[in-house]
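Working notes, beginning with the structure itself.
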């Protein structure tokens, strides 16, 4: 097997850091959302800090409500792509200066373990993470009625996303996104 480019670089970084005794820690966004109300500014700030804290040596990503896991990706290369997309879209929105409106940035979609993980922008200053079963539409900034995991805590209105039910005007719920570090048992 021939490994080159990004996968080889990631393998090198993971091996280098594991050899030096450096350990990445898990990075979690955990937000409570209330039906009919926009997310608080502190919830948006947590989402932005979460996106900024992601590193390229993560081994898995999950979306849950704190009790039930709804989607998981354990492919270290694809997890890195998801983390990088969140970081880059967050950096782009930080540079944005104009007014509000439905301004879409770069959208990135990654297929992993029967789901498509999509990162994009929904309205000015709002980074969205959308996860749907592979083969389902993955356009960001949409109001899906089912089969969608949508996290958009900085949208500034009541359409902050949701888990499996409606992604606009959703029921009150907790949404949790967790990136875990690659561990020593990762298969390469």
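The values are calculated or read from the model by the stated rules, or taken from the named source; none is laboratory data. Worth saying up front: this structure is predicted, and the values here are computed from it rather than measured. Every residue, glycine among them, receives a Cβ derived from its backbone with ideal geometry; neighbour counts consider all protein chains shown.
Checking each residue in the stretch 40-64 for being out of contact with any helix residue (DSSP H, G or I) (no Cβ under 8 Å at 6 or more places or on another chain), surrounded by 14 or more Cβ atoms within 10 Å (Cβ to Cβ) and more than 20 Å from residue 112 (Cβ to Cβ) picks out 40, 43, 44, 46, 47, 53. Scanning the stretch 81-119 for residues that are touching a strand residue (DSSP E or B) at 6+ places or on another chain (Cβ under 9 Å) and either within 19 Å of residue 163 (Cβ to Cβ) or modelled with pLDDT of 85 or more (or both) yields a total of 22.
Here residue 183 clears all of (1) under 18 Å from the mean Cα position of the chain (by Cα); (2) part of a loop (DSSP other than H, G, I, E, B) except the condition numbered (1).
I'm trying to understand the selection: among the residues of the stretch 113-168, which are in a strand (DSSP E or B) and surrounded by fewer than 16 Cβ atoms within 10 Å (Cβ to Cβ)?
The first filter runs over the stretch 113-168 and keeps only residues in a strand (DSSP E or B), leaving 115-121, 127-133, 149-151, 161-163.
Scanning the stretch 113-168 gives a single hit, 133.
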